[in-house]
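**Student:** To start, I am sharing the structure in question, which I have written as structure tokens.
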């Protein structure tokens, strides 16, 4: 008799980054982020291990927009990288995400930062996230939930990446616990 745990024996650790800077939620960006994390936790084939605090972060790239609220969820999944990406894109759409301006305002952004120690470079899917190691708004929350995780390409821990001067110069403020 199966007890339901067998499928999780082959689960892969994953780090999902989330962020938003526009919201029509009654509780604003905090409420949007809380609802997004709850929706992520309901995904079939995904379970959370840890959730970071929320961080206020200055926009990068396209800077003429409100600051973001960002965070990270460390989890496990039995979904393939493509299945996980598809589920995350569906959640973004559910929250009203329409991709128009690159790095522009958005009600929800969900990114696969790490998928175990896998390195994937396919059309529409690059893992680890190609700019995660350069972005404090990714590394700060990641350092809460998986500080010793070693970037599979760079061979350096999340905590070590966070200490780099170019990363430290980016404006990121721990805001509150989620």
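The values are calculated or read from the model by the stated rules, or taken from the named source; none is laboratory data. These numbers come from a predicted model, not from an experiment. Because the Cβ atoms are built from the backbone with ideal geometry, glycine has one as well, and the counts that use them run over all protein chains shown.
**Student:** Can we say residue 82 is touching a strand residue (DSSP E or B) at 6+ places or on another chain (Cβ under 7 Å), loosely packed, with under 13 Cβ neighbours inside 10 Å and more than 20 Å from residue 175 (Cβ to Cβ)?
**Tutor:** Yes; evaluated as a whole, the condition is true for this residue.
Residue-wise test of (1) more than 18 Å from residue 41 (Cβ to Cβ); (2) at pLDDT below 95.
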| position | (1), (2) |
| --- | --- |
| 63 | yes, yes |
| 80 | yes, no |
| 84 | no, no |
| 99 | yes, yes |
| 124 | yes, yes |
| 131 | yes, yes |
| 144 | no, no |
| 153 | yes, no |
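**Student:** Testing residue 92 on (1) over 13 Å from the mean Cα position of the chain (by Cα); (2) farther than 24 Å from residue 149 by Cα; (3) assigned to a helix (DSSP H, G or I), one condition comes back false. Which one is that?
**Tutor:** Going through (1) over 13 Å from the mean Cα position of the chain (by Cα); (2) farther than 24 Å from residue 149 by Cα; (3) assigned to a helix (DSSP H, G or I) one by one, residue 92 breaks only (1).
**Student:** Checking residue 27 against (1) in contact with a helix residue (DSSP H, G or I) (Cβ under 8 Å, 6 or more places away or on another chain); (2) more than 21 Å from residue 175 (Cβ to Cβ); (3) loosely packed, with under 13 Cβ neighbours inside 10 Å: exactly one of these is not met. Which one?
**Tutor:** Failed condition: (2).
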